[in-house]
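Worksheet: one structure, shown below.
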Amino acid sequence: MDSPKVSVVVLTWNSRSLVGEAVASALAQEGGRPEVLVADNASEDGTADAVAQRFGEQVRVVRFERNEGYAGGYNRALALAGGEFLLLLNPDARLAPDFLARALPAFDDARVGIVAGRLMRPDGTTVDSAGQFLARSRKVIDRGYGAPLAASAGRPGPVLSACGAAALYRRAMVDDICDGDDFFDPDYFAFHEDLEVGWRAWRAGWSAVYVPEATAVHLRGSGAAAGVLGRAVARPAWLTAHIVKNRYLAMLRHDRLGALLLDAPFVLGRDLALWSVLLARKPAVLKLVAGHREAFGRALAKRRADAARRGRFGPWRRAVPRRGVWPAPQEAAP
């Protein structure tokens with residue numbers, strides 16, 4: 001039997017009320033039905049049973065025995081998917097019927113490993129993500145996040161990565177940049193793993209592009225407000241600790257001393273603001289982050305290993321990508 005061209009992989013955890021419409025939108029794609037795999041992270045609300053009952057043999061349902069988090073769950077699920085291209089879809093995301101038809105032609109460029117579509121909020125006028133970038137402060141930027149739709153969101157161009165709510169990857173790129181069997185770094189558990197794989201792919205010579213015609217809706221808790229420190233301080237302490245820890249894991253693995261010195265006012269300014277708030281409102285986060293010290297050691301070990309890595313396009317870059325929102329070709333300075 002031939003391998004499917006596209007596998008849509010939906011990772012769930014207590015997502016019974018949301019996941020049905022995500023799966024339905026994947027099955028409704030124009031130009032041929034993709035393989036749809038739903039991997040359940042040990043939900044307690046009957047998510048897996050509900051999907052199996054509603055969709056039957058149209059969908060493969062896999063049940064994990066424990067909650068592996070976003071990173072670990074997708075690592076296990078991707079090993080089961082057969083597609084040449086892999087679309088990771090959140091349970092709270094809904095694809096337009098032509099999402100894949102619009103996005104896949106970008107892979108005609110053999111260097112493109114990641115495609116980001118235009119994610120909108122349910123109101124249809126607010127952007128959720130028009131591609132991801134790295135700020136000088138090392139904050140993850142989802143371009144247009146929480147802002148009204150602007151002309152810039154309608155223009156294609158280079159990005160660093162794609163928001164993990166609906167991220168489309170080339171299987172060959174996934175295989176090229178994996179750490180052993182892991183595409184996502186399992187030490188991340190959840191949050192910012194999508195930006196990290198974009199950074200890793202860039203170092204390996206792959207590119208990521210934004211295709212605005214490929215659209216999807218991301219509910220994101222009915223619309224999260226953008227803020228100076230994001231929503232980190234509004235989340236439970238254990239989850240906030242993952243967000244903070246993952247920021248440092250990415251910097252330990254990929255950053256360069258020269259780039260950090262150049263951007264030190266931005267990096268230190270964000271850290272000062274973040275920790276001032278956390279120590280005042282969520283002091284437990286400090287102890288929880290410190291409890292992940294073994295993950296920091298593993299990040300340094302990966303950094304050393306990366307220095308000697310070669311991929312499809314040769315040795316990995318030992319550099320940091322441009323910080324800030326990259327201009328589309330039409331907007332580039334002369």
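Select from the range 83-124 the residues that are of a type in the set (V, I, T) and in contact with a Gly (Cβ under 8 Å, 6 or more places away or on another chain) and list them in ascending order. First the steps, then the outcome.
So the first thing to find is which residues in the range 83-124 are of a type in the set (V, I, T), and the list is 112, 114-115.
The one that is of a type in the set (V, I, T) and in contact with a Gly (Cβ under 8 Å, 6 or more places away or on another chain): I114.
Against the definition (over 30 Å from R155 (Cβ atoms), surrounded by 11 or more Cβ atoms within 10 Å (Cβ to Cβ) and touching a residue at least 40 places away in the same chain (Cβ under 8 Å)), how does L288 come out, yes or no? Give the steps one after another, and end with the answer.
On the way: over 30 Å from R155 (Cβ atoms): yes; surrounded by 11 or more Cβ atoms within 10 Å (Cβ to Cβ): yes; touching a residue at least 40 places away in the same chain (Cβ under 8 Å): yes.
So L288 fits the description; yes.
Residues are listed down the side, and each one gets a yes or a no for (1) surrounded by fewer than 19 Cβ atoms within 10 Å (Cβ to Cβ); (2) within 18 Å of R171 (Cα to Cα); (3) within 21 Å of the chain's Cα centre (by Cα):
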| position | (1), (2), (3) |
| --- | --- |
| V9 | no, yes, yes |
| L27 | yes, no, no |
| N41 | no, no, yes |
| A52 | yes, no, no |
| E65 | yes, no, no |
| E68 | no, no, yes |
| N75 | no, yes, yes |
| A79 | yes, yes, yes |
| G82 | yes, yes, yes |
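Just checking, which of A147, A135, A151, A162 is touching a residue at least 40 places away in the same chain (Cβ under 8 Å), of a type outside the set (K, R) and more than 29 Å from R303 (Cα to Cα)?
Details: A135 fails: more than 29 Å from R303 (Cα to Cα); A151 fails: touching a residue at least 40 places away in the same chain (Cβ under 8 Å); A162 fails: more than 29 Å from R303 (Cα to Cα).
From the options A147, A135, A151, A162, the qualifying one is A147.
Could we say that A295 is assigned by TED's automatic domain parsing to the domain that holds T240, in a helix (DSSP H, G or I) and touching a residue at least 40 places away in the same chain (Cβ under 8 Å) here? Step through it out loud before you land on a result.
Details: assigned by TED's automatic domain parsing to the domain that holds T240: yes; in a helix (DSSP H, G or I): yes; touching a residue at least 40 places away in the same chain (Cβ under 8 Å): yes.
It is true that A295 is assigned by TED's automatic domain parsing to the domain that holds T240, in a helix (DSSP H, G or I) and touching a residue at least 40 places away in the same chain (Cβ under 8 Å).
Output the residues belonging to the range 107-121 that are part of a loop (DSSP other than H, G, I, E, B) and either among the hydroxyl-bearing types (S, T, Y) or touching a strand residue (DSSP E or B) at 6+ places or on another chain (Cβ under 6 Å) (or both). Can you show your working first?
Of the residues in the range 107-121, the ones part of a loop (DSSP other than H, G, I, E, B) are 109-111, 121.
Correct list: R111, R121.
Being at pLDDT 95 or above, touching a Pro at 6+ places or on another chain (Cβ under 8 Å) and either in a helix (DSSP H, G or I) or not aromatic (F, W, Y) (or both): is that true of V244 here?
Details: at pLDDT 95 or above: yes; touching a Pro at 6+ places or on another chain (Cβ under 8 Å): no; either in a helix (DSSP H, G or I) or not aromatic (F, W, Y) (or both): yes.
Criteria not met by V244.
The values are calculated or read from the model by the stated rules, or taken from the named source; none is laboratory data. These numbers were taken from a predicted model, which means no experiment stands behind them. Don't worry about glycine lacking a Cβ; one is built from the backbone with ideal geometry, like all the others, and counts go over all protein chains shown.
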